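Scroll down for the structure; my scribbles are underneath it.
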Amino acid sequence: MTGPATSAAPRHVLVVGAQCSGAEELPGLEDAARRLHRALVDPDLGACLDRGEGETGSLLVGTGLGKEVVGTAIAAAADRAKEDRGPLVLALLGHGVGGCGGPLYFVTSGNAQDGLVHQLDVSSTIGAVTNENGLDGLIAIVDTCHAAASLVNPQSVTAGIQQGTVRVSVLFAASAHQAALDMNLSVQLAGLLEHGVTSAEEFVAVDAQLIKELRSRIHTQEPGSFTFDGTPGDSESLWLARNAQAAVRRSAGSLGAVACERLAKLLRPLEGTEGIHSREQLTHWLSGLEQERLGRPAVQRVLEFERDLDICTYAVAVLEEVFGGALTDDLLRKAAARAGFPLKVVVRVPCPSLRDLVEHAVLDQSAVTTPGQHRILVHFVAALAHLLSPPEVLPQQLTIWAAKSAATIALNSRLKELSGATPRLVLVAADDGGEDVTRVEASLLFGSAVVHAAEFPCDPGRVGLVSALEDARGWALSWLAAAGEQLVRVDVSVPTLLLLDSSPEEWRVVRKRRMLGVDYDVTTRWSGLLTPPSGVSLDDMLHAGSQLLSSLQATAQAGPSWLSSGDLSSIEALQELLDRRRMGGCVWGVSTLPAKDFDLMLEELLIHTPALIWPRSEGVSDTQALQDAVAEHWPSLPEKVVRAFKQRLENGLGEDLPGHLADIRTTWHDAHWQDFCQRRAGRAVVAPQDVTPKEQA
């Protein structure tokens, strides 16, 4: 459903209700045809020209009309639309025969048992009318059994007389194998046009939203649609009727689309609420209720809704005062994406208004974590402030709003999380303690704020893992496109067994053939701070990570603590060394891989300190040079390792990046990862608040 500009060209309509006689008579057909015609010629709704009833009119109803009469009426309606260069709405109500793999025939003869030669081939008729030169689009409404078989032949629209520069929408009552009952499509469609659609914009079109609305009302059959638009890009949308709810919203003043829809649902079970469409009408109705009715649950929900409207009105007024002059559709989308709105809301066309977004944040129950705490609204306000206000400066009006809304702490916290707001994708390969990864858990962050999360099931083996990772990447790119951002940084968290395999930046994830590290800056994380190994508590691991950050900040180290060949001579020797050293006291470095048991040693080291450096392969010729390179670039090691990997792929390391940096692998730990793991664990962040020297680089 769209909001196109209206055209000055007259709109034309022909509604044909072909009744059968005897046992095949369709009860209610005449009433349904007249009601649908009435809605389509209403100047405030369908806005089509009303030519009255009869063979030369815009409504043709009767028994035994005949193929010639109906065909002549359709041709005349098409001619009138061609002369005015306007659109035509054609509705066919009655019996349909055929379908089920063949074409649909509209029963015009008055008897469904008559031969097909006496009936109208619907698909061919629609194709012929669509290709009439000068016609500005056709909307066909087919309310018969097997109506989906009326779909126009693709060759008719792409290779007909107009060579594809046509547009046609077909709304059908049932699938090609289904019966249509009680003229449901026409009756429900007329009702929708009469009362409007709360979720639509200014105009109602034959689109997915209309089908959704119809299917919510029609349960005996499956209505559907087909649309083809081959006209130039600057042409108007093909609309069915003006949306009556749009006028209601305009009169409602303080109610947007979301509030109007919610109000209608809340009032539906309550008597005496017909015609309430505005805040003023609602307040007046509530003020007149007897005390005993106010205690009823349905009325209590309306009272809660009224209080939520106050929250919406106040928030919209403040945001318009502070940011109104700078707001654009692009900025609203970016803020909505950063606030965690559903993707279908963020990418909606046209862009939701400021009021619509505020109402969604407050009135959508999924956005409310605890009664009275409108988390998404606070996140939306914070996102707008982050995008439009100078850093560290919160407009006074927002400070006052937060204080009155009991949202000061939540707003300040979210603004701190959004600081920097660099997008980051976290991909966690979860194995649930087994040997195979069972799913990939994806989190999209702006700064340290996790704004979106999803899970992607993973089949066993490398192929399954790569497929899940690619699905997660595509999911993140959809969000980032809506937010107007690009993805650069990717964290891949893997269990110990995967660390023994090739590094994540080498995995061929992008389109399942390009290495992930070619297009993104990949940092490998160890998943032990999310799911610790057996026998190790999560608190111990989070404490070790916190201790490591403190050690890096307090100690002027020039590199990791390198382990000698003696330290790695056996798992027992390594354990004895680690038992004498403080948990999280340093980053461990391995310059020469041990001959055996590195898998066991790797986990022991990571449990002790979740950051490690080791060679990509066993054959490092100059271990001292490798250690010297790490020491030289230690303040910015992770970034330099990423650059070295990329430049080696490009066959040129550059003078400032020794080749030895491309020979090492890391699992890295920093404040970003500690914060993420703490939040996932549901605990307060205990890592140092100031960034470490390594993070400043």
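The values are calculated or read from the model by the stated rules, or taken from the named source; none is laboratory data. Every value quoted in this text rests on a predicted model; they were computed, and no experiment measured them. Cβ sites come from the backbone with ideal geometry, for glycine too, and all protein chains shown count toward neighbours. Note: accessible area is taken over every heavy atom of the protein model, side chains too, but ligands, DNA and RNA are not part of it. Shrake-Rupley method; radii C 1.70, N 1.55, O 1.52, S 1.80 Å.
Details
- Rolling a 1.4 Å probe across the protein heavy atoms gives the chain an accessible surface of 44 Å² per residue.
- By accessible area, using a 1.4 Å probe on protein heavy atoms only, region 363-491 has 53% of its surface on carbon and sulfur.
- Nearest-10 value in Å² for the accessible area of residue 520, using the 1.4 Å probe: 20 Å²
- Taking a straight Cα-Cα cut-off under 28 Å and skipping sequence neighbours fewer than 8 places away in the same chain, the lysines within cross-link reach of residue 212 are 265, 334, 344.
- Put a plus charge on the Cβ of each Lys and Arg, a minus charge on the Cβ of each Asp and Glu, and nothing anywhere else: the dipole of the chain about its Cα centre is then about 720 debye.
- Note on region 1-115: antiparallel DSSP beta bridges, both residues inside, total approximately 20 percent of the bridges counted.
- Annotation: peptides 318-329, 140-151, 524-535, 122-133, ranked by per-residue average of other Cβ atoms within 10 Å with the highest first, follow the order 140-151, 122-133, 524-535, 318-329.
- For mean projected area of the Cα convex hull in nm², calculated from these coordinates, the label among (1) 42.2; (2) 39.3; (3) 34.4: (2)
- Expressed as a whole percent, the accessible area of region 531-650 that falls on carbon and sulfur atoms is 47 (1.4 Å probe).
- The accessible area of residue 548, taken with all protein chains in place and a 1.4 Å probe, comes to roughly 0 Å².
- Centroid-to-centroid separation of region 14-67 and region 288-350 [C-alpha atoms, Å]: 42 Å
- Protein accessible area in region 8-140, 1.4 Å probe - carbon and sulfur %: 48 percent
- Beta bridges by DSSP in the chain, antiparallel share as percent, to the nearest 5: 45 percent
- Distant-in-sequence amide H partners of residue 510 (H built 1.01 Å from N, under 5 Å): 516
- Heavy-atom SASA rank of 505, 485, 68, 576 (probe 1.4 Å, accessible area, largest first): 68, 576, 485, 505
- Here the peptides 405-418, 442-455 are ranked by packing, the mean other Cβ count within 10 Å, and the order with the highest first is 442-455, 405-418.
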